[in-house]
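Working notes, structure below.
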Amino acid sequence: MRNLHPFLFLMVLLGLTACKGHEKKIIVYAGSDITIDEAKQHVAVSEGTTHHEQELDFNTGNPVTLDVQSPAGKINVTATDDGLYILNLETDTVVGSFQHVGEDNGGRHVTQNQLKQKIDSLQKLVLDQNVTEANRNYFIVPGKLVKISSNPKGKVFSPFTTIPGAFDAGSVPEIYKFYTLSGIREILDKLQTMTK
């Protein structure tokens, strides 16, 4: 009986250790207020045109399923693996990518060739071309949940939010920037005027 106590302690410790470390972060984008129940399993949004977002954190190794009620109807989405996800409940597609920040870009001039390459890349993103996990770019249609990264600690700058110039990129392991599809088209129009 005396040896049983250390064994039970070890089993409890192993059980707690096995549960520790799992993390799923789901960032919900919507065009109206986002209502979430206490269990964080039911999400409701209504019609609207003002961007709202909500972060949901889950510390479990099990899949997380959300029941979603929106003007487009009722859907279920599931986050199976640990990581960082975006659930798009906007009426517009959101697009984005991994950002290379922290490089010395001060005073750097962009050549016409570099500008044309940027425009070409954005045009492909808008058309859902060349979008792959390896390229770390994303095209998320309304009603879809997409895994952005295996690292739930990544920082996501949402549509209508700019990356502040004073942002400390070293404070997070990864940075992503997203736009609505209509927002990226406006950026493309501005860039194309710079090539003329």
*Options Ile75, Ile86; residue that is within 15 Å of Val28 (Cα to Cα), out of contact with any Ser or Thr (no Cβ under 8 Å at 6 or more places or on another chain) and surrounded by fewer than 18 Cβ atoms within 10 Å (Cβ to Cβ)*: Ile75
_Looking only at residues that are surrounded by fewer than 17 Cβ atoms within 10 Å (Cβ to Cβ), among the hydroxyl-bearing types (Ser, Thr, Tyr) and in contact (Cβ under 8 Å) with a residue 24 or more places away in the chain in region 168-196, which one is farthest from Gln123 (Cα to Cα)?_
Thr195
*Name the residues in region 178-196 that are closer than 11 Å to Gly96 by Cβ, in contact with a helix residue (DSSP H, G or I) (Cβ under 8 Å, 6 or more places away or on another chain) and of a type in the set (Val, Ile, Thr), would you?*
Ile184
*asked:* Take the conditions polar (S, T, N, Q), in a loop (DSSP other than H, G, I, E, B) and either out of contact with any Leu (no Cβ under 9 Å at 6 or more places or on another chain) or free of Cβ contacts under 8 Å to residues at least 40 places away in the same chain (or both) and apply them to Asn62. Does it pass?
replied: yes
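The numbers here are math on the coordinates, done by the rules we state, and not lab data. Small disclaimer: the values here were computed from a predicted structure and weren't measured. Cβ: placed from backbone, ideal geometry, glycine included. Neighbour counts: every protein chain shown.
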